[in-house]
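Enquirer: So that we are looking at the same thing, I have put the structure below in structure tokens.
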Amino acid sequence: MSSKPLVSIVSVTYNQEKYVKAALDSFLMQQVNFAFEIIIADDCSADKTPDIIREYAEKNPDIIKPILRKHNLGVAGNFLATLKEARGKYIALCEGDDFWTDASKLQKQVDFLESNPDYSICFHPVRVMFENNEHKESTWPNIKDYSKITIKELLKENFIPTNSVLYRRQKYDSLSVDVMPIDWYLHAYHAQFGKIGFINNTMSTYRRHDGGIWWNSHDDKDKLWRAQGSAHANMYVELLKLYDKDEEKKIIYEGLNGTLSSLVSVDKRFGDHLIQEALNKYPDAVEPFIIYQYEIIKDQQQRIEAGKQEEERLNQAIIGLRGEIFKLRDELHTLKNSRVIGKIIKFREKLGIQLPRVKHLPTTVPRRFKGSISRFLPELLKIVLRKIRSLLVRIKGKISYGIQKQEVKYITVANKPVDKQLPLVSVIIPYYNRGDTIDDTLASLDAQTFKNVEIIIIDDGSTDPVSSQKLKDLEQSGLEASFIHQENQGVAAARNTGVSRAKGRYVVCLDSDDMLDTTFIEKCTMMLETSPDVSLVTTQMEIFGVLAEPFNHASYDALELYSNNMVITAAEFTKKAWEACGGYKSKIGYEDWEYWLNLAEHKFWGKSLPEPLFRYRTSMQSRYIEDKDIHWNNVKVIHSLHAGYKKIIKKLRAEHQGITHLTDPDTAFTNMSQPGQFQASDADKNNVLITVPWMTFGGAETLIYNYCREVKDKFNLSFVTGLKSDNEWEYKFREITSNIYHLANLFEDERLYIEFISNYIKTRHINVLHVIHNGFTFEMLPVLKERHPELKIVVTLFNDRVEYFEQSVKFGQYIDVFTSDNEKVTAHYRQDLGDDPSTVVIPNGINCYDEFNPDLYDRTSERLKLGLADNDMGVFFVGRLSVEKNPNIFLDAAKQVLVDHERKHVKFFVIGDGPMRPEVEKQIKEIDSKQVVYLGYQSEVASYFSAADIFVLPSSIEGFPLSILEAMAMKVVVVASDVGAIAEVIEDGVAGFVVPPASVERIVGAIEMLCDNPKKREAIKLTSRKKVETKYSNRLLGANYQKLYNELSE
């Protein structure tokens, strides 16, 4: 390495032999394009930490500089002494019991500070890991508002993890060693010299263990104050030497006051003399403390006086409002007997004037006086205010409802066909010095499912030689795109140049560093084609790059657009709208936002697609992370250009109220109906379209995911959902395919559902339509069969109690195969449809090799986490806390085992969440035993099953619950109700126990028998595991569905 390192990694250790290797390895794994040094200082450890440091230093003599102290300096002393040894331009901190997890951490942080000379600190979130697993892992800090990453906020609270920080090196000779916490002090010291930067990537782990200073700081705060309180008080005293602005000093005084007050409180409880010790040791703290207390008393006196004045003002306001209420009541009485809508509108306007006056009364006072005024307001006054506000809100709601209840006129319009020789969509890419990212942008376009697209790249006078050469290479590569070169005029002019040349009906302006999801153009174009009143479609977005996070905009609202730009830069819009509005305005900042406002003023309104289909790249030059002052200046310019915006929008809404245009379903997909317009699928695979209700958490969704994951390489799979949902599990299904379509997101007119599915079958050459446990597809089947006679239709239902079982029977003649995971459902089909139907039972399956496999877990360790000794029996309930699952029955059984049968070595655990949670927690409290524990919701249950002996499923309703297979695969004995397919899976007494639903007595009997017969218990465990492997594995599940699809496609 170079003799002049750019970065010095400073690490301090003390008795950390268990952890220091991980820290050093994480330093050495850094992949950087600069030299760095590791200065690691051990503070006279009594264990093998110094030996480990020597070993690493001998292997890496050019990088590691060991400092092995012979006398203990303490944490702060060791840190400061080691900082003085650093030679780098930048300093990274990490204590010896923590470690880094990202090999590019240093490179990213150095790049940030190199690109931003006005920043002195750069940090990131860390994973917090508790050594004993008593607490869940978490990420800290969880920063939502980047505007709060300031010196003022840092003085209030330390939000910078030590092992995440990179400093611009300063002088450290004058810093105090007698402060705690030393890292907070150092952060505040460095924050004097520049701004604080934040990279939202978790790149290190902060380890909490019983040898650490802050191990039990949350659970035993008194111990922390007694050990570190006086040094913490001194930290504030030292900060007063660094900061002299009034606002900053006030924050520091508040912190000092809080610390000294806590020391007083501890003194009272324990008879210590901490406050005296602190003031004797740090006399400089006395004066600020007294001054601050005086200011508090003075402020309270002023508040009391102001409260009296405010009370009088409110009394006068009440008198005035009472008169207004009587007038409003009379107006309402008149309106009840009038049919003139003008009076309703007039009344509504009057109400709009009065309501804000009342609306803010209850909230303004407490916020201004922080609760003081509440002591002076009579209770009667508070009640009157609440009643007035409630009355006005109800009146306003009723009148609004009356106005909204006007009859809506629906007008059906035909979708006009476009010239088949022209592209339907034009993608405009402004390009300026982005040779490093253009490949990503073009790759995202190449992956689009809809292909009737032209690409126009406008080189806006790039000056970077590498970027210019990149563009030449692209022109010569045969890329199907048009290239336009112009002198630099800015992104708005470049977009206008591109749109003016566009041949498509619709336009997407995509910056050359951003990316689109594979279905972006297809979905946005479909929405524009089928929504006559919509002229642009926007989506949610995912931010990546310097900042990485999902970003959810509000839904499109033309009126709210003035205050909040909820439209992405790459929103798809009609070229007709661009022509009518004159395009983008140049050099105003936020040109896209101004353009969306311009469209709205011309009645070209938008619609939101609530899916994250746009990927926005952030860099240090991104507007997303620009200075806030620039942001607000841009906003002022835009608002000045559209001063009358809200009046225009309200007028347009009033003119078009009650009229909605719908697309004629017969012509909805006129321009998207040719197979050649779409991405060709693998011709060697059959194409399967699967309809499901939604993609959320559940047993059915788990089964679908499990089998599709097994067959995804054998078939071209696509999914359609039909019910409104947040689809929390979509991310899992995206592991299988990106061809996922949520009809409720795409179409407001449900008549278009069938047209979409029919068009999809045609354009994607679908062989098999698989309807899984949903009711929205059945009424489509006669039409789909008529239009696509070669289509094979398979229906899978998991029980026969759902309302759409009857629908499946009603439309049985159009269904080729009925399947279920249990014999009960297929038998019901044969009973209702005779011998005609083809029925197949495909048992559920789980991943018993890579997930629910006891060999993957250390059973002893997992049991210790739960407090289970070798001779203890762990009995678990795992499931939704709802009526049909009967968690109360499980707890009734637990009470009998523990109280009536006095079992001392049986412990009961409840895992789950749901509507019965309060009842469950209350019942556990009433049992009042440490042998009954509620563990809450757990997303990964395999580790808990590895610690379990018995799993109880006392449900009154089930189909084929995956939980019994998961337990059996983990060698856990199952005791389950005789409902659904449970008896088909569990041979009573051989692979578990089947009991009558809600039978506490039989559940208790099974638990007692298993406690007294360890050989029987072990035999059942082995039988259970073997049964899952041979009949219910995910591999068998996938093979069964693969066979079914192949047979249907022949």
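The values are calculated or read from the model by the stated rules, or taken from the named source; none is laboratory data. All figures in this text were calculated on a predicted structure; none of them were measured in a lab. Positions of Cβ are generated from backbone atoms using ideal geometry, with glycine treated the same way; all protein chains shown enter the neighbour counts.
Enquirer: If I filter region 698-743 down to residues being polar (S, T, N, Q) and closer than 25 Å to Cys848 by Cα, which single residue comes out as surrounded by the fewest Cβ atoms within 10 Å (Cβ to Cβ)?
Expert: Taking region 698-743 first, the residues polar (S, T, N, Q) are 702, 706, 716, 718, 721, 725, 727, 737-739.
After this cut, where a residue has to be closer than 25 Å to Cys848 by Cα as well, the list is 702, 706, 737.
Numbers: Thr702: 18, Asn706: 21, Thr737: 16.
Result: Thr737.
Enquirer: Here's something else I'd like to know. Name the residue, out of Asp51, Asp25, Asp42, that is among the charged types (D, E, K, R) and touching a helix residue (DSSP H, G or I) at 6+ places or on another chain (Cβ under 8 Å). Steps first, please.
Expert: On the way: Asp51 fails: touching a helix residue (DSSP H, G or I) at 6+ places or on another chain (Cβ under 8 Å); Asp25 fails: touching a helix residue (DSSP H, G or I) at 6+ places or on another chain (Cβ under 8 Å).
Matching residue, one of Asp51, Asp25, Asp42: Asp42.
Enquirer: If only one of Lys89, Lys148, Lys171 is surrounded by 14 or more Cβ atoms within 10 Å (Cβ to Cβ) and basic (Lys, Arg), which one is it?
Expert: Working: Lys148 fails: surrounded by 14 or more Cβ atoms within 10 Å (Cβ to Cβ); Lys171 fails: surrounded by 14 or more Cβ atoms within 10 Å (Cβ to Cβ).
Selected residue: Lys89, the only one of Lys89, Lys148, Lys171 that is surrounded by 14 or more Cβ atoms within 10 Å (Cβ to Cβ) and basic (Lys, Arg).
Enquirer: Against the conditions (1) out of contact with any Lys or Arg (no Cβ under 7 Å at 6 or more places or on another chain); (2) part of a loop (DSSP other than H, G, I, E, B), where does Phe719 fall short? Just the number, please.
Expert: Here Phe719 meets the rest and fails (2).
Enquirer: Could I ask something else about it? Could you please let me know if Pro789 is in the same structural domain as Asp832 (by TED's automatic domain parsing), more than 22 Å from Asn716 (Cα to Cα) and modelled with pLDDT of 95 or more?
Expert: Details: in the same structural domain as Asp832 (by TED's automatic domain parsing): yes; more than 22 Å from Asn716 (Cα to Cα): no; modelled with pLDDT of 95 or more: yes.
So Pro789 fails the test.
Enquirer: Let me ask something additional. Could you give me the residue pairs with C-beta distances under 8 Å whose first residue belongs to region 847-867 and is in contact (Cβ under 8 Å) with a residue 12 or more places away in the chain and over 11 Å from Ser943 (Cβ atoms), whose second residue is among the β-branched types (Val, Ile, Thr) and surrounded by 17 or more Cβ atoms within 10 Å (Cβ to Cβ) wherever it lies, and which are 6+ apart or on separate chains?
Expert: Final answer for the pair search is Cys848/Val1028.
Enquirer: Keeping to region 664-703, report how many residues are under 18 Å from Thr777 (Cα atoms) and either in a loop (DSSP other than H, G, I, E, B) or among the basic types (Lys, Arg) (or both).
Expert: Qualifying residue count, region 664-703: 3.
Enquirer: Now for a separate question. Is it the case that Phe876 is surrounded by 15 or more Cβ atoms within 10 Å (Cβ to Cβ), more than 26 Å from Ser820 (Cβ to Cβ), modelled with pLDDT of 95 or more and of a type in the set (A, V, I, L, M, F, W, C)?
Expert: Numbers: surrounded by 15 or more Cβ atoms within 10 Å (Cβ to Cβ): yes; more than 26 Å from Ser820 (Cβ to Cβ): yes; modelled with pLDDT of 95 or more: yes; of a type in the set (A, V, I, L, M, F, W, C): yes.
Against the criterion (surrounded by 15 or more Cβ atoms within 10 Å (Cβ to Cβ), more than 26 Å from Ser820 (Cβ to Cβ), modelled with pLDDT of 95 or more and of a type in the set (A, V, I, L, M, F, W, C)), Phe876 qualifies.
Enquirer: Can I ask one more? Of everything in region 12-23, what is in contact with a Ser or Thr (Cβ under 8 Å, 6 or more places away or on another chain) and at negative phi? Give them in sequence order.
Expert: First pass over region 12-23, keeping only residues in contact with a Ser or Thr (Cβ under 8 Å, 6 or more places away or on another chain): 12-17, 20, 23.
Of everything in region 12-23, those that are in contact with a Ser or Thr (Cβ under 8 Å, 6 or more places away or on another chain) and at negative phi turn out to be Val12, Thr13, Tyr14, Gln16, Glu17, Val20, Ala23.
Enquirer: Might you let me know whether region 407-421 holds any residue that is of a type in the set (Asp, Glu), within 27 Å of Ser673 (Cβ to Cβ), outside any strand (DSSP E or B) and out of contact with any strand residue (DSSP E or B) (no Cβ under 8 Å at 6 or more places or on another chain)? Don't jump to the end; show me each part of the working.
Expert: Keep residues of region 407-421 that are of a type in the set (Asp, Glu), which gives 407, 419.
Now drop any that are not within 27 Å of Ser673 (Cβ to Cβ), which leaves 419.
Now narrow it down to the ones that are outside any strand (DSSP E or B): 419.
Now narrow it down to the ones that are out of contact with any strand residue (DSSP E or B) (no Cβ under 8 Å at 6 or more places or on another chain): 419.
Scanning region 407-421 turns up at least one residue that is of a type in the set (Asp, Glu), within 27 Å of Ser673 (Cβ to Cβ), outside any strand (DSSP E or B) and out of contact with any strand residue (DSSP E or B) (no Cβ under 8 Å at 6 or more places or on another chain).
Enquirer: Are there helices (runs of 4 or more DSSP H) fully within region 836-928 with at least 2 residues that are of a type in the set (Asp, Glu) and over 30 Å from Leu797 (Cα atoms)? List them.
Expert: Numbers: elements: 859-865, 887-895, 917-927.
Where helices (runs of 4 or more DSSP H) fall fully within region 836-928 and carry at least 2 residues being of a type in the set (Asp, Glu) and over 30 Å from Leu797 (Cα atoms), they are 917-927.
Enquirer: In region 22-46, how many residues are more than 25 Å from Val110 (Cβ to Cβ) and surrounded by 15 or more Cβ atoms within 10 Å (Cβ to Cβ)?
Expert: Of the residues in region 22-46, 4 are more than 25 Å from Val110 (Cβ to Cβ) and surrounded by 15 or more Cβ atoms within 10 Å (Cβ to Cβ).
Enquirer: Let me ask something else about it. Which ones in region 438-473 are of a type in the set (Val, Ile, Thr) and not in a loop (DSSP other than H, G, I, E, B)?
Expert: At the first step, the residues of region 438-473 found to be of a type in the set (Val, Ile, Thr) are 438, 441, 449, 453, 455-458, 463, 466.
Within region 438-473, Ile438, Thr441, Val453, Ile455, Ile456, Ile457, Ile458, Val466 meet the criteria.
Enquirer: Can you name the number of the only condition in (1) in contact with a Pro (Cβ under 9 Å, 6 or more places away or on another chain); (2) more than 23 Å from Thr826 (Cβ to Cβ); (3) of a type outside the set (Asp, Glu); (4) at pLDDT 95 or above that Ile1007 fails?
Expert: (1)
Okay, residues lined up against (1) among the hydrophobic types (A, V, I, L, M, F, W, C); (2) modelled with pLDDT under 95; (3) surrounded by fewer than 16 Cβ atoms within 10 Å (Cβ to Cβ):
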| position | (1), (2), (3) |
| --- | --- |
| Arg617 | no, yes, no |
| Asn634 | no, yes, no |
| Lys650 | no, yes, yes |
| Glu655 | no, yes, yes |
| Thr667 | no, no, no |
| Ser673 | no, no, yes |
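Enquirer: Determine which member of the set Val795, Val817 is crowded, with 16+ Cβ neighbours inside 10 Å, farther than 30 Å from Asn671 by Cα, modelled with pLDDT of 95 or more and touching a Pro at 6+ places or on another chain (Cβ under 9 Å). Steps first, please.
Expert: Details: Val795 fails: touching a Pro at 6+ places or on another chain (Cβ under 9 Å).
Every option except Val817 fails the conditions.
Enquirer: Go over the candidates Ile456, Ile399, Ile395 one by one and state the one that is at pLDDT 95 or above, of a type in the set (Val, Ile, Thr) and surrounded by 13 or more Cβ atoms within 10 Å (Cβ to Cβ). Don't jump to the end; show me each part of the working.
Expert: Working: Ile399 fails: at pLDDT 95 or above; Ile395 fails: at pLDDT 95 or above.
Sole residue among the options that is at pLDDT 95 or above, of a type in the set (Val, Ile, Thr) and surrounded by 13 or more Cβ atoms within 10 Å (Cβ to Cβ): Ile456.
Enquirer: Of all residues being surrounded by fewer than 19 Cβ atoms within 10 Å (Cβ to Cβ) and charged (D, E, K, R) in region 744-762, which is modelled with the highest pLDDT? Just the residue, please.
Expert: My answer is Lys762.
Enquirer: Follow-up. List the helices (runs of 4 or more DSSP H) inside region 972-1050, counting only whole elements, that have at least 1 residues being basic (Lys, Arg) and more than 14 Å from Val875 (Cβ to Cβ).
Expert: Output list reads 1000-1012, 1014-1031, 1034-1049.
Enquirer: On to the next question. Quickly run through region 889-912 and pick out the residues that are loosely packed, with under 14 Cβ neighbours inside 10 Å and acidic (Asp, Glu).
Expert: Listed by number, the residues that qualify are Asp900, Glu902.
Enquirer: Scanning region 151-168 for residues that are without any contact (Cβ under 8 Å) to a residue 60 or more places away in the chain and not small (Gly, Ala, Ser), which turns out surrounded by the most Cβ atoms within 10 Å (Cβ to Cβ)? Even if it seems obvious, please write down each step before you answer.
Expert: Narrowing region 151-168 to residues without any contact (Cβ under 8 Å) to a residue 60 or more places away in the chain: 153-154, 157-161, 164.
Subsequent filtering for residues that are not small (Gly, Ala, Ser) retains 153-154, 157-161.
Details: Glu153: 15, Leu154: 20, Glu157: 11, Asn158: 15, Phe159: 19, Ile160: 25, Pro161: 23.
This residue is Ile160.
Enquirer: Pick out, from region 477-554, the strands (runs of 3 or more DSSP E) lying fully within it that include 1 or more residues that are within 22 Å of Lys451 (Cα to Cα), more than 32 Å from the chain's Cα centre (by Cα) and not assigned by TED's automatic domain parsing to the domain that holds Arg764. It would help to see each step written out before you state the result.
Expert: Numbers: elements: 482-486, 506-509, 536-545, 549-551.
Where strands (runs of 3 or more DSSP E) fall fully within region 477-554 and carry at least 1 residues being within 22 Å of Lys451 (Cα to Cα), more than 32 Å from the chain's Cα centre (by Cα) and not assigned by TED's automatic domain parsing to the domain that holds Arg764, they are 482-486.
Enquirer: In addition: Which condition number in (1) under 26 Å from Thr660 (Cα atoms); (2) surrounded by fewer than 19 Cβ atoms within 10 Å (Cβ to Cβ) is the one that Glu806 fails?
Expert: (1)
Enquirer: Whether any residue in region 123-141 is β-branched (Val, Ile, Thr) and within 14 Å of Gly197 (Cβ to Cβ) is what I want to check.
Expert: Filtering region 123-141 down to residues β-branched (Val, Ile, Thr) leaves 126, 128, 139.
Now restrict to residues that are within 14 Å of Gly197 (Cβ to Cβ): none.
The answer is no, given that none of the residues of region 123-141 is β-branched (Val, Ile, Thr) and within 14 Å of Gly197 (Cβ to Cβ).
Enquirer: For a quick check of your reading of the model, give me the residue pairs whose first member lies in region 805-832 and is closer than 19 Å to Tyr1045 by Cβ, whose second is small (Gly, Ala, Ser), with beta-carbon atoms closer than 6 Å and at least 6 apart or on different chains.
Expert: Partner pairs satisfying both residue conditions: Val817/Ser838; Thr826/Ser820.
Enquirer: Also, I was wondering about something else. Just wondering, is there one or more residues in region 679-687 that are in contact (Cβ under 8 Å) with a residue 24 or more places away in the chain, out of contact with any strand residue (DSSP E or B) (no Cβ under 6 Å at 6 or more places or on another chain) and surrounded by 12 or more Cβ atoms within 10 Å (Cβ to Cβ)?
Expert: yes
Enquirer: From the list Lys865, Lys824, which one is charged (D, E, K, R) and at pLDDT 90 or above? Please lay out each step first, then the result.
Expert: Working: Lys824 fails: at pLDDT 90 or above.
Every option except Lys865 fails the conditions.
Enquirer: Among (1) in contact (Cβ under 8 Å) with a residue 12 or more places away in the chain; (2) closer than 22 Å to Ala76 by Cβ; (3) out of contact with any Phe, Trp or Tyr (no Cβ under 9 Å at 6 or more places or on another chain); (4) not hydroxyl-bearing (Ser, Thr, Tyr), which single condition is Asn142 missing?
Expert: Among (1) in contact (Cβ under 8 Å) with a residue 12 or more places away in the chain; (2) closer than 22 Å to Ala76 by Cβ; (3) out of contact with any Phe, Trp or Tyr (no Cβ under 9 Å at 6 or more places or on another chain); (4) not hydroxyl-bearing (Ser, Thr, Tyr), Asn142 violates only (2).
Enquirer: While we're on this one: How about region 1-103: which helices (runs of 4 or more DSSP H) wholly inside it have at least 2 residues that are touching a residue at least 12 places away in the same chain (Cβ under 8 Å) and closer than 20 Å to Leu186 by Cα? Give the derivation first.
Expert: Numbers: elements: 20-28, 49-59, 74-83.
It comes to 74-83.
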